[in-house]
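Chemist: Below: one structure in structure tokens.
Just so you know, all these numbers are worked out from the coordinates, no wet-lab data involved. Only a predicted model underlies this, so the values are computations on that prediction, with no experimental measurement involved. As a convention, Cβ positions derive from the backbone with ideal geometry for all residues, glycine included, and neighbour counts pool all protein chains shown.
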Amino acid sequence: MKVSVVAQSAREVPADLLALPVFQLPEKGWKLPTGAAALDRALSGALSAAIAAGDFRGKRGQTHLAYGGGKVSARRVLLIGLGEEGKLDGEALRRAAGQAVRSAAKRSAKRVAVLAPRTRRIQPPDVAQALAEGAVLGAYTFTRYRTEKSDPPAKSCALLFEDAKARTAAREGVRRGVTIADSQNVARDLSNEPGGDLPPTALAREAAKVAREVGLRCRALGVPELKKKKMGGILAVGAGSSRPPRLIIMEHGRKAKSGRGRPTVCLVGKGITFDSGGISIKPSAAMDEMKHDMSGAAAVVGAMRAVALLDLPLHVVGIIPAAENLPSSTAYRPGDVVRTSSGKTIEILNTDAEGRVVLSDALHFGRTEYKPAAMIDLATLTGAAVIALGSWASGALGNDDALVERVKEAGESSGERVWQLPLWEEHREAIRSRIADIKNTGGREGGTITAAAFLSHFTEGTPWVHLDIAATAWTSKTTPCQPAGATGVGVRLLVEFLRNFRSR
Ligand code: BES
Ligand code: MN
Ligand code: ZN
């Protein structure tokens, strides 16, 4: 999808589908925005007639399709409702652009144009960024495994900005939006890939490929190195599969020599390439979805790609513990005690609580190797997060409320919302083991929190936020910017967080 900013008017822009996002119109005395009004006149009032008939009011998500009929350069004209201007946010703009692109694809329309709404609520570069993101995300399809090709997505999307000064600023926003959304689509591709075709070594190869393309350093620790570093958590979870685990490390920028300069941030992503549950095997219903259990890793790869392309003035390290959780005669078992690289021991009560076990080594590695100013991990960690928050928000927990707050703000502006859950000393007590330091399950009560309490043992002294993306990493519903399947959640959130990051 090629997104550009053009100077043409709505009447003269050549397009197979021209979208006009319109704020909610009052019952009486409504007036179309300038560009749309000129178009309406050229169409002999076809748009205003639809509004007068009550078919279109500009409600959020509402659409009305009209045809150019040779009177204007666009073949089709699609009115899209943005809802009330007073409630406009980036998400409404992303959705509108996504709707334009999807409705174009349905009609095999190749060239899309969108008239950027004029508003004081959001600055032109941010309007452009959101529209570009929506167009690129809305055009996403995962068709690698289809031999019969379905409708190809739209090819291009021209954004119309009427004001010359806004246009220049908008180009910067488009560049950012396209970079971020393309990176989110990279994360979606990784997460959608079947587990059978994406073992830990393949995930490492894909990360290396992305790194090469955008100029990141990248390496992967194999089993001998994991043994040398005593990463017993990653090794235990990976032991049941003939396809060995990896610890993948991607790096942008360098550690500041003195106290000043680029602060270091570590991004850690759970990379279970398939989670059968292991010996504590899962029921077969929906087990196929566990190919997505590396969505945290996918988000980290996607975010690192964007960080490199945007050349953020930070030292950012992506860390991915990758393993396949399978039952076999070599698998780790309930009752085993695992010794992690931090020295802490874990009593395994359930081999299906494997995410926290691989993260123990990855978090310890990030904390000790890089001494980051902040560390954020993303993990499809608990079914309990699906129950607690549903797909409306990712769960956020941490040891630094100010940092959680900054992640929350990034969630609001990126449209990838997070909601904080408490993390208290009492929760840490709930995972104390009788025979080891901690146990890997705390029972059903507060499952998302006790999982985070487990992780907190490996982040002591480092400002840290854990994001449980179990409910947000994939979806069965298709929405304007999101076909069913992997969402690539976390990429927009992380990039927004990092763009605003200053260490304190
Ligand atoms: N990957 C799963 C969590 C999950 C479940 C994500 C459903 C998305 C949808 C994780 O490894 C897991 O199995 N967690 C267990 C932990 C329990 C055994 C303490 C869970 O949540 O049931
Ligand atoms: Mn599991
Ligand atoms: Zn899992």
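Chemist: Rounded to two decimals, what is the ratio between the C-alpha radius of gyration of segment 117-257 and 2.2 N^0.38 Å?
Modeler: With N residues counted in segment 117-257, Rg over 2.2 N^0.38 Å equals 1.43.
Chemist: What residues have an amide H closer than 5 Å to that of residue 336, excluding those fewer than 5 places away on the same chain, when H is modeled at 1.01 Å from N in the peptide plane?
Modeler: Close amide H contacts, sequence-distant or interchain: 348.
Chemist: About its Cα centre, how strong a charge dipole does segment 126-240 have in debye, to the nearest 20, once Lys and Arg get +1 and Asp and Glu get -1 at the Cβ?
Modeler: Roughly 700 debye, rounded to the nearest 20.
Chemist: A further question on this structure: Within segment 151-211, report the trypsin sites (Lys or Arg not before Pro) that DSSP leaves as loop and that have at most 16 other Cβ atoms within 10 Å.
Modeler: 155
Chemist: Between segment 316-357 and segment 47-116, what is the C-alpha centre distance in whole Å?
Modeler: What the calculation gives is 50 Å, centre to centre.
Chemist: Using only the alpha carbons of segment 186-335, determine the length spanned along each of the three principal axes and report them from longest to shortest in whole angstroms.
Modeler: 50, 33, 21
Chemist: How would 118, 356 line up from fewest to most surrounding beta-carbon atoms within 10 angstrom?
Modeler: Ordered from fewest to most neighbouring Cβ atoms within 10 Å, 118, 356 come out as 118, 356.
Chemist: On the Cα set of segment 303-451, report Rg and Dmax in Å, please.
Modeler: Computed over the Cα atoms of segment 303-451, radius of gyration and Dmax are 16.6, 49 Å.
Chemist: Right, another one. Fewest first, what order do 400, 377 take by the number of other Cβ atoms within 10 Å?
Modeler: 400, 377
Chemist: If each of residue 150 and residue 477 carries a label point 7 Å out from its Cα toward its Cβ, how far apart are those two points in nm?
Modeler: My value for the distance between the label points is 1.9 nm.
Chemist: Moving to a separate point now. Along its three principal axes, how long is segment 246-286 when you only count alpha carbons? Whole Å, largest extent first please.
Modeler: Rounded to whole Å, the extents work out to 53, 16, 15 Å.
Chemist: Follow-up question, since we're still on this one. Which whole DSSP H helices in the chain pass both tests: a Cα extent of 15 Å or more along the axis and a mean Kyte-Doolittle value no lower than -1.0?
Modeler: 90-106, 124-138, 164-192, 200-214, 295-309, 355-370, 401-414
Chemist: For segment 407-504, which GluC sites (Glu not before Pro) are in a loop by DSSP, counting at most 16 other Cβ atoms within 10 Å?
Modeler: 445, 460
Chemist: While we're on this one: Each residue of segment 62-76 in order: what ³J(HN,Hα) in whole Hz does its phi give by Karplus 6.51 cos²θ - 1.76 cosθ + 1.60, θ = phi - 60°, with x for Gly and Pro?
Modeler: 6, 9, 8, 9, 10, 10, x, x, x, 7, 10, 6, 8, 6, 10
Chemist: What's the FRET efficiency of residue 85 with residue 371 using the Cβ-Cβ distance as r and R₀ = 60 Å, to the nearest 0.05?
Modeler: 0.85
Chemist: Write down the Å³ per residue value for the convex hull defined by the alpha carbon atoms of segment 271-339.
Modeler: Per-residue hull volume (Cα only) is 102 Å³.
Chemist: Rounded to a whole number of µm²/s, how large is the Stokes-Einstein D of segment 2-163 at 20 °C and 1.002 mPa s, given Rh as the Kirkwood radius over C-alpha pairs?
Modeler: Translational diffusion coefficient: 137 µm²/s.
Chemist: Just to be sure I understand: of the beta bridges DSSP finds with both ends in segment 2-163, what percent are antiparallel, rounded to 5?
Modeler: Taking every DSSP beta bridge within segment 2-163, about 20 percent pair in antiparallel fashion.
Chemist: When the C-alpha atoms of segment 446-504 are aligned to their principal axes, what extent does each axis show, in angstrom, from largest down?
Modeler: The Cα atoms of segment 446-504 stretch 41, 32, 13 Å along the principal axes, largest first.
Chemist: Right, next: I'd like the GluC sites (Glu not before Pro) in segment 69-154 restricted to DSSP loop residues with at most 15 other Cβ atoms within 10 Å, sorted by number.
Modeler: The qualifying sites are 84, 148.
Chemist: Counting chymotrypsin sites (Phe, Trp or Tyr not before Pro) as exposed when in a DSSP loop with at most 11 other beta carbons within 10 Å, what is the longest stretch of the chain free of them?
Modeler: Answer - 146-423.
Chemist: Okay, next question. Out of all Cα-Cα pairs in the chain, roughly what percent, to the nearest whole number, are more than 35 Å apart?
Modeler: 36 percent
Chemist: Still on this structure, I have one more. Measuring from label point to label point, each 7 Å out along Cα→Cβ, what is the residue 163 to residue 212 span in nm?
Modeler: 4.6 nm
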